[in-house]
1. Just the residues that are surrounded by 12 or more Cβ atoms within 10 Å (Cβ to Cβ), without any contact (Cβ under 8 Å) to a residue 24 or more places away in the chain and not polar (S, T, N, Q), please, taken from the range 98-115.
2. Answer yes or no: is there a residue in the range 83-96 that is buried (at least 20 other Cβ atoms within 10 Å of the Cβ) and touching a helix residue (DSSP H, G or I) at 6+ places or on another chain (Cβ under 7 Å).
3. Taking the criterion of being assigned to a helix (DSSP H, G or I), under 25 Å from Arg138 (Cβ atoms), among the aromatic types (Phe, Trp, Tyr) and in contact with a strand residue (DSSP E or B) (Cβ under 6 Å, 6 or more places away or on another chain), would at least one residue in the range 62-71 satisfy it?
4. Counting only residues that are under 28 Å from Met80 (Cβ atoms), hydrophobic (A, V, I, L, M, F, W, C) and surrounded by 17 or more Cβ atoms within 10 Å (Cβ to Cβ), how many does the range 1-20 have?
5. Determine whether Thr52 is over 22 Å from Phe125 (Cα atoms), within 16 Å of the chain's Cα centre (by Cα) and among the hydroxyl-bearing types (Ser, Thr, Tyr).
6. Taking Pro71 as meeting all but one of (1) of a type outside the set (Phe, Trp, Tyr); (2) closer than 20 Å to Gln9 by Cα; (3) in contact with a Ser or Thr (Cβ under 6 Å, 6 or more places away or on another chain); (4) at pLDDT 95 or above, write down the number of the exception.
Amino acid sequence: MMMPPCNAQGDLPPGVHQATLVEVVARFGQGAPERVRVTERLQQVMALAQETGKLERVFIWGSYVTDKPDPRDIDLFLIMAPDFESNDYTGAMHLVFDSEAAERELGTTVFWMTSSAGSQTTMAFFLEQFQIRRDGGRRGIVEVLL
């Protein structure tokens, strides 16, 4: 899949744009050393989340999916299976699902929820909010196809 080019503000156009992790890394994981470091964090956190066997969907928003040369962190929204329980995991895998620990230890902002019945409205609300820039403008986000 081809993601659209960034607009004059350096953002993807509003909407949810789908891409594989390989495509995301090829598009946003190159260039300045900080961008490369953040990409390594993305790959690490995604691998840990996938190891649970419960990861259903992944969304990336924020400065990483812009043309900003030096994003400081990665912002992720993980959708987990309805039967996922974060307390079932320990070590690095557990860090992913503890927001403060993920930020401190993994340099990643992680929001997550399960895809249980009735969660679609909540998920849609978050996806809409993640497209709003600090100045109130809108920008696109990326869904990583698993």
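1. We begin by selecting, within the range 98-115, every residue surrounded by 12 or more Cβ atoms within 10 Å (Cβ to Cβ); these are 98-99, 101-103, 105-115.
Narrowing further to those that are without any contact (Cβ under 8 Å) to a residue 24 or more places away in the chain: 98-99, 101, 105.
Hits for the range 98-115 are Asp98, Ala101, Glu105.
2. Yes, the range 83-96 has at least one match.
3. Filtering the range 62-71 down to residues assigned to a helix (DSSP H, G or I) leaves 63-65.
Remaining after also requiring under 25 Å from Arg138 (Cβ atoms): 63-65.
From the residues that got through so far, the ones that are among the aromatic types (Phe, Trp, Tyr) too are 64.
This time we only want the ones that are in contact with a strand residue (DSSP E or B) (Cβ under 6 Å, 6 or more places away or on another chain), so: 64.
Checked the range 62-71: at least one residue is assigned to a helix (DSSP H, G or I), under 25 Å from Arg138 (Cβ atoms), among the aromatic types (Phe, Trp, Tyr) and in contact with a strand residue (DSSP E or B) (Cβ under 6 Å, 6 or more places away or on another chain).
4. 3
5. On the way: over 22 Å from Phe125 (Cα atoms): yes; within 16 Å of the chain's Cα centre (by Cα): no; among the hydroxyl-bearing types (Ser, Thr, Tyr): yes.
Judged against the criteria, Thr52 is not a match.
6. In the conditions (1) of a type outside the set (Phe, Trp, Tyr); (2) closer than 20 Å to Gln9 by Cα; (3) in contact with a Ser or Thr (Cβ under 6 Å, 6 or more places away or on another chain); (4) at pLDDT 95 or above, Pro71 misses (4) alone.
Residue-wise test of (1) surrounded by 17 or more Cβ atoms within 10 Å (Cβ to Cβ); (2) not acidic (Asp, Glu).
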residue: Val22; (1), (2): no, yes
residue: Glu40; (1), (2): no, no
residue: Gln50; (1), (2): no, yes
residue: Phe59; (1), (2): yes, yes
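Per-residue answers, yes or no, for (1) among the polar types (S, T, N, Q); (2) modelled with pLDDT under 95:
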position	(1), (2)
Met2	no, yes
Asn7	yes, no
Leu12	no, no
Gln18	yes, no
Val24	no, no
Gly29	no, no
Gln43	yes, no
Ala49	no, no
Thr52	yes, no
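The values are calculated or read from the model by the stated rules, or taken from the named source; none is laboratory data. Please read these numbers as outputs of a predicted model, since none were measured by experiment. When we count neighbours, we look across all protein chains shown, and the Cβ atoms used for this are built from the backbone with ideal geometry, even at glycine.
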